[in-house]
Amino acid sequence: MSANDETSDAERDRELLRVLPAEQSASARAPWVAVIRRLGSRHRGRIARHLQSLDEQDRYLRFGYLANDAQIQAYVDTLDFERDGVFGIYNRKLELVAMAHLAHSVDKSFDACAEFGVSVLPSVRGHGYGSKLFGRAMRHARNEGVHLLFIHALSENKAMLNIARKAGAIVEHDGSEASAYLRLPPATFESQITEMLEEQLARTDYRLKVQAKQFWELLTGLQDVRRGVRDARHKSGA
């Protein structure tokens, strides 16, 4: 193998690396446009991984108690994707970084009420994803005939209560717990069209992320193969 051939291979690898995404910390990377998708039963495993990746304090704030992995799995297993609205935000690596659960009442006499809960991974906080999920859930609730949206949270869960206040909810404290109530206007043609377009956009965005992930994995694999071939040539020529 000539020196020129080895130099040429190295240059091609450098060109390949130029198109691969640079590894940066989540805080240094510019935030992507958050596209919210409604989740279904096939996302159950990713929902469990998302919630189980929360630390003890975040689990305590999300569930109102220090839920362990088994308890989180039991919660995920009982999610009713037909009755409730479950929404999520995926990053470029198809990791579920934020999710919300809009739980409709199982009591038919209170079917115009729904409860909202949300979780956002620490690596993507500060970009308003919790508020965006709340807005998406409100639109869906309106279109489903919900008149009263409420949040039950610990009083120390300032982030969640602030989201509710900004949306116009009335917040009441009772010791260590708090409840927020928000009356929703009736659905309109505009709210229904908006939700339909949002979901279409989310499905397209997800497909593009899947294709992009497969593309980068292919390029990375080709790079590894080329490196192995070059190393083998180098050893055989030694």
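Values for this structure:
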| quantity | calculated |
| --- | --- |
| Formal net charge of residues neighbouring Arg42 (Cβ-Cβ distance under 15 Å; K, R +1; D, E -1) | +4 |
| Sites Ser105 and Glu172, calculated FRET efficiency, Cβ-Cβ separation with R0 22 Å, nearest 0.05 | 0.70 |
| Segment Arg42-Glu115, length gained on full extension (0.36 nm per residue, minus Cα span) | 24.0 nm |
| Contour minus Cα-Cα distance for Arg207 and Ser155 (0.36 nm per residue) | 14.8 nm |
| Cβ crowding within 10 Å averaged over residues, with 42-54, 189-201 ranked highest first | 42-54, 189-201 |
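We did not get these values from a lab; they are worked out from the coordinates using the rules stated. What you see is a predicted model, and the numbers here were worked out from it, not measured in a lab. Because the Cβ atoms are built from the backbone with ideal geometry, glycine has one as well, and the counts that use them run over all protein chains shown.
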